[in-house]
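Below you'll find the structure, written out as structure tokens, and then a few comments.
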Amino acid sequence: MLGRRPFAYAFPQGTRLRILLNLKRGELKDPDGVAESIVGRSHEGQGDWTVVLADGRDLERAMPLVRQTFEAAERRA
């Protein structure tokens, strides 16, 4: 957590981990389309983007997005 709110939320789902990135639409730079927009859908936590980790490759692809979210939260704090 940076400042008053978490930069991401993690939700275990069986053998997968869903991470909700606390960035609004237009803030996330995701040229590879790794994250899924959840705008307009009911969900826990804050943010408009989610990534699902099922294996090591998913983790490698998601880490730049998690880092981007962390750095944005640092700037806001």
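The values are calculated or read from the model by the stated rules, or taken from the named source; none is laboratory data. Just so we're clear, the structure is a prediction, and the values are computed from it rather than from any experiment. Note: ideal-geometry Cβ built from the backbone for every residue, glycine included; neighbour counts use all protein chains shown.
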Of the residues in the range 10-31 that are in contact with a Ser or Thr (Cβ under 9 Å, 6 or more places away or on another chain) and over 13 Å from Leu53 (Cβ atoms), the one that is surrounded by the fewest Cβ atoms within 10 Å (Cβ to Cβ) is Arg25
Cross-chain or 6+ apart pairs with Cβ under 7 Å, the range 40-60 first and over 10 Å from Arg18 (Cβ atoms), then of a type in the set (Gly, Ala, Ser) | Asp48/Ser37; Trp49/Ala35; Trp49/Ser37
Could you identify the single residue in Thr69, Thr50 that is within 12 Å of the chain's Cα centre (by Cα), modelled with pLDDT of 90 or more, of a type in the set (S, T, N, Q) and in a strand (DSSP E or B)?
-> Thr50
Somewhere in the range 10-33, is a residue in contact with a Pro (Cβ under 7 Å, 6 or more places away or on another chain), under 25 Å from Ala77 (Cβ atoms) and touching a residue at least 40 places away in the same chain (Cβ under 8 Å)?
-> yes
Test for Asp58: is it assigned to a loop (DSSP other than H, G, I, E, B) and more than 10 Å from the chain's Cα centre (by Cα) = no
